[in-house]
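**Student:** The structure that follows is given in the form of structure tokens.
The values are calculated or read from the model by the stated rules, or taken from the named source; none is laboratory data. Just so it is clear, the model here is predicted, and its values are computed rather than measured. Cβ sites come from the backbone with ideal geometry, for glycine too, and all protein chains shown count toward neighbours. The protein model used for the area step is the full one, side chains on, heavy atoms only, and it has no ligands, DNA or RNA in it. Shrake-Rupley method; radii C 1.70, N 1.55, O 1.52, S 1.80 Å.
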Amino acid sequence: MARSLTLLVNRLFRSVILVSFFASLLSFQAFGEPEPVHLLGGSDLSAFYSFLRDFGVDKDPDKVFTLTNGVLRISGQHYGYLATRATNYANYKLVAEFKWGEQTWLPRLTNASDSGILVHCVGKDGVWPKSIEAQIIEGGTGDILVVSGAYLTIDGVTKGPNIARFDRPGRNPWQDVKGFRGPHEIEKPRGEWNQMEVLCDGDKVAITVNGHKTLEGTNAIPHAGKILVQSEGAEIFFRRLDVYRLK
């Protein structure tokens, strides 16, 4: 009887050890290497809502925003954006892959093609909401803008609450003309895919473009919110918008 009881206890003990082991593996997989959120991973744009200055929320009669085979096209015809329906993104890295199209619209028919990714967006919809912008513009991709009440500090300089720009190193001299490429260009030629990473770590915001770290700011206000991609007068395509939660 005693021997049988001992065997039972030993088996239970081994079972507990095995359960603990596999639980630790699952925990490592869940928290050690978190899976990204693929904002363009579905067959539609249900992760977003649209806002256009002339039409409002989820009214897009001219199909400014379309998704085909996982690639988002933003025509640029009207000023506005796609915004994540989730409102509390914080402590993450966003990896985006984009390229310019050929079409431009007033008032940017002959100006540098312009767009951007806005993070930490809060408040009412409008052009443009309170946020911090990772700028995408010919000759200046990798700049950071503080928008409509936001603040950020870079190299000891704080900008806000009005719209203000931090220029990335090597950007200037810059000209606002279509197709512009600067002497220290880090963006690939028109029609080729670029990669931008936006790191949002607490109150820090840092930008990397095609492997080149451009700017890093601290004391970001706000430092959580929605993620937006702009429509701003120029055709642009995105084939990747992935959000990686930081540990």
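**Student:** Full extension from HIS212 to ASN69: what is 0.36 nm times the residue separation minus their Cα-Cα distance, to one decimal in nm?
**Tutor:** Working: separation 143, 0.36 × 143 = 51.48 nm, distance 2.90 nm.
Result for the pair: 48.6 nm of gain on full extension.
**Student:** Just how large is the dipole of segment 61-129 about the Cα centre, in debye to the nearest 20, putting +1 at every Lys and Arg Cβ and -1 at every Asp and Glu Cβ?
**Tutor:** Details: 7 positive and 5 negative charges, 30 e Å.
The dipole magnitude comes to about 140 debye.
**Student:** With every protein chain left in place, what is the accessible area of LYS159 in Å² (1.4 Å probe, nearest 10)?
**Tutor:** Accessible surface of LYS159 is approximately 60 Å².
**Student:** Within segment 102-247, what whole-number % of the accessible surface is contributed by carbon and sulfur, with the 1.4 Å probe and all protein chains included in the calculation?
**Tutor:** Values: 3080 of 6060 Å².
For segment 102-247, the apolar C and S fraction of the accessible surface comes to 51 percent.
**Student:** Hey, another quick one. Quick check: pseudo-label points 7 Å beyond the Cα along Cα→Cβ at ARG181 and VAL157, how many nm apart are they?
**Tutor:** Here the answer is 2.8 nm between the modelled labels.
**Student:** Right, another one. Measure nothing but the geometry: give the 0 to 90° angle between the long axis through the Cα atoms of 2-27 and the longest principal axis through the Cα atoms of the chain, rounded to 10°.
**Tutor:** Value to nearest ten degrees: 10.
**Student:** Any idea of the accessible area per residue across segment 142-213, 1.4 Å probe, to the nearest Å²? Please report the intermediate quantities before stating the final value.
**Tutor:** Details: 3480 Å² over 72 residues.
Value for segment 142-213: 48 Å² per residue.
**Student:** Figure the gain on full extension for ASP54 and VAL127 (residue separation times 0.36 nm, minus the Cα-Cα span) and round it to one decimal in nm.
**Tutor:** Values: separation 73, 0.36 × 73 = 26.28 nm, distance 1.02 nm.
Gain on stretching ASP54 to VAL127: 25.3 nm.
**Student:** Let me ask another. If the cut-off is 29 Å between C-alpha atoms, which lysines fall inside it for LYS226, apart from same-chain ones fewer than 8 positions away?
**Tutor:** Reachable lysines: LYS59, LYS63, LYS93, LYS99, LYS124, LYS130, LYS159, LYS188, LYS204, LYS213, LYS247.
**Student:** While we're on this one: Can you pull the accessible area of HIS212 for me, 1.4 Å probe, Å² to the nearest 10?
**Tutor:** Accessible surface of HIS212 is approximately 90 Å².
**Student:** Same structure again: Find which of ILE154, GLY126, GLY139 sits farthest along the positive direction of the dipole of segment 99-163, computed with +1 on the beta-carbon of Lys and Arg, -1 on that of Asp and Glu, about the Cα centre.
**Tutor:** Towards the positive end, the residue furthest out is GLY126.
**Student:** Just checking my list (i) 1.27; (ii) 1.08; (iii) 0.99 against Cα Rg over 2.2 N^0.38 Å computed from this structure; which label fits?
**Tutor:** Answer label, from the structure shown: (i).
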